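The structure appears right after this line, and notes come after that.
The values are calculated or read from the model by the stated rules, or taken from the named source; none is laboratory data. For clarity, every value in this text was computed on a predicted model and none was experimentally measured. Here the Cβ positions follow ideal geometry from the backbone for every residue, glycine too, while neighbour counts run over all protein chains shown. Accessible surface areas use protein heavy atoms only, side chains included; no ligands, DNA or RNA. Shrake-Rupley method; radii C 1.70, N 1.55, O 1.52, S 1.80 Å.
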Amino acid sequence: QVQLVESGGGLVQPGGSLRLSCAASGVIFSTCAMSWYRQAPGKQRELVAAITRTSSTNYADSVKGRFTISRDNAKNTVYLQMNSLKPEDTAVYYCNAARRWDGRTYDYWGQGTQVTVSS
């Protein structure tokens, strides 16, 4: 079965950096669009960054210029490099994999990793 395992979260001071990793198994990784979502307390889950199977990327306006999403198909892993972190970046970050099969889109989610930005 499909499994996504996030890692790399933690506590960091404003202006600091973290790199999140998401390791995928049970899917042909190179055929999946990958993305990172986050959910802060009291807010809905939002898309942070996405990368297609052709490595095109999209970012939420709030993280443009600070976050970078990348993928390593040989390692079945997607990364989110987060720089210049702000308190408002505090959230649980979730990895998502999307694939198409038999005309339908399937979404898979990791369990999330906590990112806390605080002084």
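Mind checking whether some residue in the stretch 2-22 is modelled with pLDDT under 95 and not aromatic (F, W, Y)?
Looking through the stretch 2-22, at least one residue is modelled with pLDDT under 95 and not aromatic (F, W, Y).
Report those strands (runs of 3 or more DSSP E) wholly inside the stretch 26-119 carrying at least 2 residues which are crowded, with 17+ Cβ neighbours inside 10 Å. Before you say what the answer is, go through the steps one by one.
Values: elements: 33-39, 46-51, 57-59, 67-72, 77-82, 91-101, 104-109, 113-117.
Ranges flagged: 33-39, 46-51, 67-72, 77-82, 91-101, 113-117.
Cβ-Cβ under 7 Å, sequence separation 6+ or interchain: first residue in the stretch 1-15 and closer than 26 Å to F29 by Cα and outside any strand (DSSP E or B), partner polar (S, T, N, Q) and open to solvent by 40 Å² or more (accessible area, probe 1.4 Å). Which pairs?
Qualifying pairs under 7 Å: G9/Q114.
Please work out if T105 is modelled with pLDDT under 95, within 22 Å of Q1 (Cβ to Cβ) and of a type in the set (S, T, N, Q). Quick ask: steps written out before the conclusion?
Values: modelled with pLDDT under 95: yes; within 22 Å of Q1 (Cβ to Cβ): yes; of a type in the set (S, T, N, Q): yes.
Spelling it out, T105 is indeed modelled with pLDDT under 95, within 22 Å of Q1 (Cβ to Cβ) and of a type in the set (S, T, N, Q).
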